[in-house]
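*Asks:* Here it is, the structure in full.
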Amino acid sequence: MLYSAQVLDHFEHPRNMGNLPDASGVGMVGAPASGDVLKIQLKIVVDPDGTERIVEVKAKVFGCGSAIAATSLLTELIKGKTLAEAAQVKNRAIAVALALPPLKRHCSVLAEEALKAAIADYRQRSGTTGAAPAGTAPPTQ
Amino acid sequence: MALKLPIYMDHHATTPVAPEVFEAMRPYFTERFGNAASRNHSFGWAAESAVEAARAQIAGLIGCKPVELVFTSGATESDNLAIKGVAKAYREKGTHIITSQIEHHAVLDSCKRLEKEGFQVTYLPVSRDGLVDPADVAKALTAKTILVSIMLANNEIGTIQPLAEIGRLCKERGVLFHSDAVQGVGKIPVNVDALGLDLMSLTAHKLYGPKGVGALYVRMGKPRVKLVAQMDGGGHEKGRRSGTLNIPGIVGFGKACELAGQLMTSEAARLTALRERLWAGIRARLDHVHLNGHPTLRLPGNLNVSFEYVEGESLLMSLKDVAVSSGSACTSASLEPSYVLKALGIGEALAHTSIRFGLGRGNTEEEVDYVCDRLAEQVTRLRAMSPLYEMAQAGVDLNTAQWSLRETG
């Protein structure tokens, strides 16, 4: 597979790999039998105004070069963002940024799913719904 | 370090043309360019005599008569001609074919096409080591069986099949026996009589000859194999394969076979030692590595290893200056892991982590040691970011763990 320079950069220097012992939310998707497993760990802090912010993110990935690159790029895109902003990160943006070949699009889909799973895990753990309180402005990108 | 990078360790895919082979071919492009079918002038005669010399060289390597060889464009064509050609010629006699699950696609897909045309095909399973059990062949043979096709050595795991035993069974039952022998010829001793073969597919580029030329051995006595040609045309190769002969390719093929015959004993011993050095080097540096295929009944230059918890394509990418291949889904167009590894029953998870090393004439001990070091470094790097490795280290059974199903984008 001939990959883009972006994929090679993330593959050779993956960002934010590792574990977060005090993660607020963890998402793991994929399966060894299908050749890729992605795990995203988020550390979320709630600001005084109620904004939920991803202050730290760590990932682990078993998968092909594009799965590793997609995971790495995702962590970059969401680190420091509010949860509302992070929820706007879509697989298509990852696929485009990495110039993934069509056969590898599922890697970016999996990255988005891992993020969604981590956020859902945080919601469950914190007992929050993520719905914006009445009177607040919708999140901007 | 005097190592020349990148290192080529993918000799099952193809081999470089040997310098002697290239030199032998050279005059047949520009000076001796005649058509072997031109029977009325010296250009044609020169081409024809070159073809006959090559035919004798190839026949010498596999123990057949030169006249029993049909030149083709390569093993894919040879497999198609053998299977479809026999099926069409013997249709009145029967419509059942036996093959194995780990054959090359040229064999499997030829069989699948015949199934659509009303033939029945039995795809025999293999053992965990990749061996076809001759007893399974015996059980599968019916009164309607016309052909058994079992490869000599597998292209992924290098397992060498018990062809002589299967050949005896076929002979007893009067069933034709074909083998795709491209990975074995020139690497291990092959004699069509000793193996009981009636048809055998060969190709030049796996034994240091050029690409685009192959041959089909077709037995001409006891029994005299009938074949329906698959292409219409000028009736070349005694009507078995029309098309102007690729003279430089055939000359190169012949020379490559002659060289392979001379070097076989010493190369087989050297490559087996290199292969063992590679496997020992990997095991000395890494844990959780598994050999795929048979420990001893395998091609000298073949090593297939699963590096557990590390996806194969990511390892290939990490080994930037080493050319090897993987059974991982991500290196295929289908997103399915290798059907050969799946047939071994090792599980899809391990199939995704496999790497195939194909050692050949150019490889050295220094290269093997270099590859071992790079593997250790890169497997360790990738395992450090693998959630599976971490889970396994923590004692989680990955086979019973709950996994989310992948959504395909």
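*Asks:* Considering chain B, which cysteines have no disulfide-compatible partner, defined as another cysteine with its Cβ under 4.7 Å away?
*Replies:* That list is B:C64, B:C111, B:C170, B:C257, B:C372.
*Asks:* Report D for the protein assembly as shown in µm² per second (integer): Stokes-Einstein, Kirkwood Rh on Cα pairs, 4 °C, 1.567 mPa s.
*Replies:* For the chosen part, D equals 50 µm²/s.
*Asks:* On to the next question. Can you give me the orientation-averaged projected area of the convex hull built on the Cα atoms of chain A, in nm²?
*Replies:* Taking a quarter of the hull surface, the average projection is 8.7 nm².
*Asks:* Moving to a separate point now. Nearest 20 debye, what's the magnitude of the dipole of the protein assembly as shown about its Cα centre given +1 on Lys and Arg Cβ and -1 on Asp and Glu Cβ?
*Replies:* 1340
*Asks:* Could you tell me which of rounded, prolate or oblate describes segment B:45-100, using a ≥ b ≥ c as the square roots of the eigenvalues of the alpha-carbon gyration tensor, with rounded for a/c under 1.5 and, failing that, prolate when a/b is larger than b/c and oblate otherwise?
*Replies:* Verdict is prolate for segment B:45-100.
*Asks:* Hey, could you get me the Stokes-Einstein D for segment B:53-163, Kirkwood radius over alpha-carbon pairs, 37 °C and 0.692 mPa s, rounded to whole µm² s⁻¹?
*Replies:* Translational diffusion coefficient: 217 µm²/s.
*Asks:* Calculate the FRET efficiency for B:V67 and B:K320 from the Cβ-Cβ distance with a Förster distance of 45 Å, rounded to the nearest 0.05.
*Replies:* 0.40
*Asks:* Past the 18 angstrom mark, what percentage of all C-alpha to C-alpha distances in segment B:317-368 do you count?
*Replies:* When all Cα pairs of segment B:317-368 are counted, 40 percent exceed 18 Å.
*Asks:* Sticking with the crude label model, points 7 Å out along Cα→Cβ, report the distance from B:D287 to B:D109 in nm, one decimal please.
*Replies:* 4.3
*Asks:* I've got another one for you. What distance in nm lies between label points placed 7 Å from Cα along the C-beta direction at A:E76 and B:E20?
*Replies:* Placing both labels 7 Å along Cα→Cβ, they lie 5.3 nm apart.
*Asks:* Let me ask another. In Å², and per residue, what accessible area does segment A:69-133 have when probed at 1.4 Å with the other protein chains present?
*Replies:* On a per-residue basis, segment A:69-133 sits at 42 Å².
*Asks:* Using DSSP, restrict attention to beta bridges with both residues in segment B:174-294 and report what percent are antiparallel, rounded to the nearest 5.
*Replies:* Of the beta bridges lying entirely in segment B:174-294, close to 60 percent run antiparallel.
*Asks:* Let me ask something else about it. If you build a Gaussian network model of chain B, linking Cα atoms that sit under 10 Å apart, which residue out of B:T353, B:T30, B:T296 swings the most?
*Replies:* Per the Cα network of chain B with a 10 Å cutoff, B:T30 tops the list.
*Asks:* Now for a separate question. How many nm is it between the label spots at B:E276 and B:R173, if each spot is 7 Å from the Cα in line with the beta carbon?
*Replies:* Using points 7 Å along Cα→Cβ, the separation is 3.8 nm.
*Asks:* Show me you know the interface measure: the accessible area buried between B and A, both chains summed, probe 1.4 Å, in Å² to the nearest 100.
*Replies:* Protein heavy atoms only, the B-A interface buries about 2700 Å².
*Asks:* Right, something else. DSSP beta bridges in chain B, what fraction antiparallel, as a percent rounded to 5?
*Replies:* 55
*Asks:* Follow-up. Return the residues of segment A:26-47 for which accessible area with all protein chains present is lower than in the chain on its own by 40 Å² or more; set the probe to 1.4 Å and exclude ligands, DNA and RNA.
*Replies:* A:M28, A:G30, A:P32, A:A33, A:S34
*Asks:* May I ask for the angle, rounded to the nearest 10°, between helix B:105-116 and the longest principal axis of chain B, with both axes built from Cα atoms and the value confined to 0 to 90°?
*Replies:* Approximately 70 degrees, to the nearest 10.
*Asks:* Binning every alpha carbon pair distance of segment B:243-390 at 10 Å from zero, what are the percents per bin?
*Replies:* Values per bin, smallest distances first: 11, 36, 30, 17, 5, 1.
*Asks:* Assuming a ≥ b ≥ c are the square roots of the Cα gyration tensor eigenvalues, decide whether chain B counts as rounded (a/c under 1.5), prolate (otherwise, with a/b larger than b/c) or oblate.
*Replies:* oblate
*Asks:* Per-residue HN-Hα couplings for segment B:50-55, Karplus 6.51 cos²θ - 1.76 cosθ + 1.60 at θ = phi - 60°, whole Hz, x for Gly and Pro?
*Replies:* Along segment B:50-55, the couplings run 5, 5, 5, 5, 5, 4 Hz.
*Asks:* Could you pull out every one of the lysines with an alpha carbon less than 29 Å from that of B:K139, ignoring same-chain neighbours closer than 8 positions?
*Replies:* B:K84, B:K88, B:K93, B:K112, B:K116, B:K171, B:K222, B:K226, B:K342
*Asks:* With the radius of gyration and the Kirkwood radius both derived from the Cα set of segment B:345-387, what is their ratio Rg to Rh?
*Replies:* 1.08
*Asks:* Would you mind calculating the gained length between B:K211 and B:E31 on full extension (0.36 nm times residue separation, minus the Cα-Cα distance), in nm to one decimal?
*Replies:* 62.7 nm
*Asks:* Let me ask something additional. Whole-Hz Karplus ³J(HN,Hα) for segment A:104-119, in order, using 6.51 cos²θ - 1.76 cosθ + 1.60 and θ = phi - 60°, x for Gly and Pro?
*Replies:* Computed from phi, the couplings for segment A:104-119 are 10, 4, 4, 5, 6, 4, 5, 4, 5, 5, 5, 5, 4, 5, 5, 5 Hz.
*Asks:* Taking chain B as a Gaussian network, Cα atoms linked when under 10 Å apart, which of B:M200, B:M264, B:M231 shows the biggest mean-square fluctuation?
*Replies:* Taking springs between Cα atoms under 10 Å, the residue moving most is B:M231.
*Asks:* Using r as the Cβ-Cβ distance of B:A164 and B:Q120, and R0 as 30 Å, what FRET efficiency do you calculate, to the nearest 0.05?
*Replies:* Taking R0 as 30 Å, the efficiency between B:A164 and B:Q120 is 0.70.
*Asks:* Right, another one. Between B:H205, B:H236, B:H178, which gets the highest mean-square fluctuation from a Gaussian network model of chain B, Cα cutoff 10 Å?
*Replies:* Sorting by GNM fluctuation, first place goes to B:H236.
*Asks:* Moving on to the next point. Between B:E92 and B:K238, what is 0.36 nm times their sequence separation minus the Cα-Cα distance? Round to one decimal in nm.
*Replies:* Length difference between fully extended and current span is 50.3 nm.
*Asks:* Evaluate the Kirkwood expression for the hydrodynamic radius of segment A:4-68, namely the inverse of the mean inverse distance over all pairs of different C-alpha atoms, and round to one decimal in Å.
*Replies:* The answer is 13.2 Å.
*Asks:* Considering only DSSP beta bridges with both partners in the protein assembly as shown, what is the antiparallel share in %, to the nearest 5?
*Replies:* 65
*Asks:* Here's something else I'd like to know. Given the protein chains as shown and a 1.4 Å probe, how many square angstrom of A:R53 are accessible, to the nearest 10?
*Replies:* 80
*Asks:* Related question: Cα centroid distance between segment B:1-37 and segment B:359-409, in Å?
*Replies:* 35
*Asks:* Can I ask one more? Rounded if a/c is under 1.5, else prolate if a/b is larger than b/c, else oblate: which is segment B:326-406, with a ≥ b ≥ c the root eigenvalues of its Cα gyration tensor?
*Replies:* It is oblate, given that a/c is not under 1.5 and a/b is not larger than b/c.
*Asks:* When you take every Cα atom in segment A:51-108, what is the radius of gyration, and what is Dmax, the widest Cα pair distance, in Å?
*Replies:* 11.8, 37
The values are calculated or read from the model by the stated rules, or taken from the named source; none is laboratory data. A quick note: this is a predicted structure, and the numbers were derived from the prediction, not measured. Positions of Cβ are generated from backbone atoms using ideal geometry, with glycine treated the same way; all protein chains shown enter the neighbour counts. Side chains are part of the model used for accessible areas, which takes the heavy atoms of the whole protein and leaves out ligands, DNA and RNA. Shrake-Rupley method; radii C 1.70, N 1.55, O 1.52, S 1.80 Å.
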